[in-house]
Amino acid sequence: MRDAFGGIVNLSMIVVFLVLVCGYLAFNVNYTKAFRVKNYIITTIEQYEGNCDNTSSACAQKIDDYIKQVGYSAPDFELDGYTCHKGYCYKRFDVANEGVDEGQKQFYYRVVTQINIDIPIINKIMPSLRIFQISGNTKLITAFD
């Protein structure tokens with residue numbers, strides 16, 4: 001009887017270890033995708049100097065194509081004051097113009113992406129686990145009138 005009980009305990013420990021390792025690897029893969037998408041969106045917004053507000057613009061189309069190429073899929077989420085589109089949100093922040101010509105306005109964007117954690121067993125145990133977000137800012141962009 002002692003050997004049978006020891007075998008079950010060892011088997012359950014192995015299963016728990018495998019679930020933890022697989023969950024950790026899945027989280028790392030999704031974190032990497034969300035981080036890459038955030039960096040690409042920031043770079044694209046800087047290239048187009050902030051002209052990405054229209055969803056049919058070349059900038060938004062370029063971002064959507066990259067998201068499809070990478071395979072980033074995050075559930076739609078909303079943030080107060082942010083413009084959200086296909087798993088990412090962004091917001092423009094104006095900067096006080098101290099020491100800059102009157103015709104020049106400076107601003108930057110904050111981009112937020114979400115890590116998709118879709119592991120059914122873990123989601124049943126901890127439903128509020130989908131709160132991981134990654135954010136980043138663009139460099140200062142100067143708009144000329």
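What the table below lists for this structure:
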item	result
Candidate set: region 78-93, residues that are part of a strand (DSSP E or B) and within 17 Å of residue 34 (Cβ to Cβ); chosen: the one modelled with the lowest pLDDT	85
Leading residue by the ranking (surrounded by the most Cβ atoms within 10 Å (Cβ to Cβ)) among those in region 33-70 that are hydrophobic (A, V, I, L, M, F, W, C) and more than 14 Å from residue 136 (Cα to Cα)	63
Failed condition for residue 97, given (1) assigned to a strand (DSSP E or B); (2) at pLDDT below 85	(1)
Candidate set from region 36-77 (those that are assigned to a helix (DSSP H, G or I) and hydroxyl-bearing (Ser, Thr, Tyr)); member that is nearest to the chain's Cα centre (by Cα)	40
Index of the failed condition, residue 36 passing every other in (1) touching a residue at least 60 places away in the same chain (Cβ under 8 Å); (2) within 28 Å of residue 132 (Cβ to Cβ)	(1)
All positions within region 1-15 that are β-branched (Val, Ile, Thr) and either at pLDDT below 90 or more than 21 Å from residue 121 (Cα to Cα) (or both)	8, 9
Close pairs (8 angstrom Cβ cut-off, 6 or more residues apart or separate chains): touching a residue at least 60 places away in the same chain (Cβ under 8 Å) and at negative phi in region 46-72, in a loop (DSSP other than H, G, I, E, B) and surrounded by 13 or more Cβ atoms within 10 Å (Cβ to Cβ) anywhere	46/138
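The values are calculated or read from the model by the stated rules, or taken from the named source; none is laboratory data. Everything quoted here is computed from the prediction, not taken from an experiment. Cβ atoms come from the backbone with ideal geometry, glycine included; neighbour counts cover every protein chain shown.
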